[in-house]
1. Any chance segment 29-52 includes a residue that's surrounded by 10 or more Cβ atoms within 10 Å (Cβ to Cβ) and basic (Lys, Arg)?
2. I need the full set of residues from segment 48-71 which are β-branched (Val, Ile, Thr), in a helix (DSSP H, G or I) and at pLDDT below 80, in order please.
Amino acid sequence: MGNLYVLIGFDVEHDAEPLSDRCEGVKKGTPKILDVLDYFDIHCTFNILGCIIDEHLDLFNTLARNPQTLV
């Protein structure tokens with residue numbers, strides 16, 4: 001049996017409440033996701049809304065420096 005390849009992607013948006021402008025999932029979940037990706041040496045893609053990057057620039061600078069992710 002050959003190698004198995006999987007494409008993993010994350011859509012980063014505001015919380016799911018109707019018309020929500022909160023980003024608790026972004027602030028709390030993204031660092032945890034990055035820890036798991038690092039632990040298992042998993043490469044992935046993050047699709048991020050520009051307005052969220054503006055609001056959480058420090059968090060996404062961390063993403064941009066992480067070799068396992070593509071922004």
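The values are calculated or read from the model by the stated rules, or taken from the named source; none is laboratory data. Worth saying up front: this structure is predicted, and the values here are computed from it rather than measured. In this analysis, Cβ positions are derived from the backbone assuming ideal geometry, glycine residues included, and neighbour counts consider all displayed protein chains.
1. no
2. Filtering segment 48-71 down to residues β-branched (Val, Ile, Thr) leaves 48, 52-53, 62, 69, 71.
Still in the list and also in a helix (DSSP H, G or I): 52-53, 62.
If the condition is that a residue be β-branched (Val, Ile, Thr), in a helix (DSSP H, G or I) and at pLDDT below 80, then Thr62 is the only one that fits.
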